[in-house]
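The values are calculated or read from the model by the stated rules, or taken from the named source; none is laboratory data. Because the structure is predicted, anything quoted here is derived from the model rather than measured. We place every Cβ from the backbone using ideal geometry, glycine too, and count neighbours over all the protein chains shown.
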Amino acid sequence: MSTSKTIQITEYGGPEVMKMVELAVGEPGEGQIRIRHKACGLNFIDVYQRTGLYPNPLPLTLGMEGAGIVEAVGAGVTHLKVGDRAAYASQPPGSYSEARVMPAKTVCRLPDAIDFDTGAAMMLKGLTAQYLLKRTLPQGGLQPGDFVLFHAAAGGVGLIACQWAKALGLQLIGTAGTDAKCKLALEHGAAHCINYSSEDFVKRVKEITGGKGVKVVYDSIGKDTFDKSLDCLRPLGLMASFGNASGPVPPFAPGILGAKGSLHLTRGTLFTHIATRETTQQMADDLFDVVGSGKVKIRIDQRYALADVAQAHRDLEARKTTGCSVLLP
């Protein structure tokens, strides 16, 4: 039986609770594979799980995405074979490791043209951008020329969304916390970018849209932006909340949605969308196509050794990172 250096937590808390341990890695059972990672993705959901905001049974190996080589295949797995290059975004967590046994259904063959670092960096964030822009749509859908508001536009999901929205003909209005991050979003296809540290983003959105507001807001910030995001929407617009970087949105009266223009509200999560093998593959193929075409480039601005995971989390929480980050086993 082989072993794997693995980042594990036995209690919830700060970056210091993550410890490197050596764990045995067995053979895959039915519907499972064993994968040896070449790179592991880093995402804000990892922070939520480390702190217990999203609770999981302990001890817990963190990490929701990775890329590597399939080492063994369990019974019933037909879409992968030993030696395949593969990448995934998947439940349960466990990618902060050299190797793991995991469910095969959300693991996809990685095209030869896409390297392992890119594969590990893009699956969770790229599939998130896919379900937002293609599957989480306002009434009547989105057409070329439509305005959308996307918070944290210089982050991992944001930079992918900026490029993909441009490829779809949408006018993406981004927000970010510094002028440098706004510049980055604009360079990646945002039509406009608002520095929320120095500007009132509601006022600017209204100016940009001629007073109409946007059809949809994609908001991963949560508590700090939620109320103002609603004020950016046109009547019948959609508020798509998909994260809590500033903390969870507090309870509110649904009547507010009526008063602000019969607004729609959804709280999406990627794992609902990739619940089946067929949907996972369909969404991944869409992502692979848009990356392979060059319309979306995956920007990896930070690389950390797996042993330096605590620093990676500190940088992520301090919003010091841009684009995507990967951990290298």
How do the pairs read when you match residues in the stretch 272-284 that are touching a residue at least 24 places away in the same chain (Cβ under 8 Å) with residues anywhere that are assigned to a helix (DSSP H, G or I) and hydrophobic (A, V, I, L, M, F, W, C), using Cβ under 7 Å and keeping only pairs 6 or more apart or on different chains? His273/Met283; Ile274/Leu127; Ile274/Met283; Met283/Leu127; Ala284/Leu127
From the list Leu142, Leu133, which one is crowded, with 17+ Cβ neighbours inside 10 Å, among the hydrophobic types (A, V, I, L, M, F, W, C) and not in a helix (DSSP H, G or I)? Leu142
Checking the conditions here, which among Val21, Val70, Val77, Val47 is in a loop (DSSP other than H, G, I, E, B) and among the β-branched types (Val, Ile, Thr)? Val77
Could you please tell me which pairs satisfy a Cβ distance under 7 Å, a separation of 6+ or placement on different chains, a first residue in the stretch 1-22 that is in the same structural domain as Leu306 (by TED's automatic domain parsing), and a second residue that is part of a strand (DSSP E or B) and at pLDDT below 95? Glu22/Thr3
Can you tell me which residue in the stretch 86-97 is nearest to Glu27 (Cα to Cα), limited to those that are crowded, with 19+ Cβ neighbours inside 10 Å and not hydroxyl-bearing (Ser, Thr, Tyr)? Gly94
Within the stretch 80-90, take every residue that is among the small types (Gly, Ala, Ser) and part of a loop (DSSP other than H, G, I, E, B) and give me the one that is modelled with the lowest pLDDT. Ser90
Of the residues that sit in the stretch 279-329 and are farther than 18 Å from Tyr88 by Cα, under 16 Å from the mean Cα position of the chain (by Cα) and part of a strand (DSSP E or B), which one is modelled with the highest pLDDT? Gln302
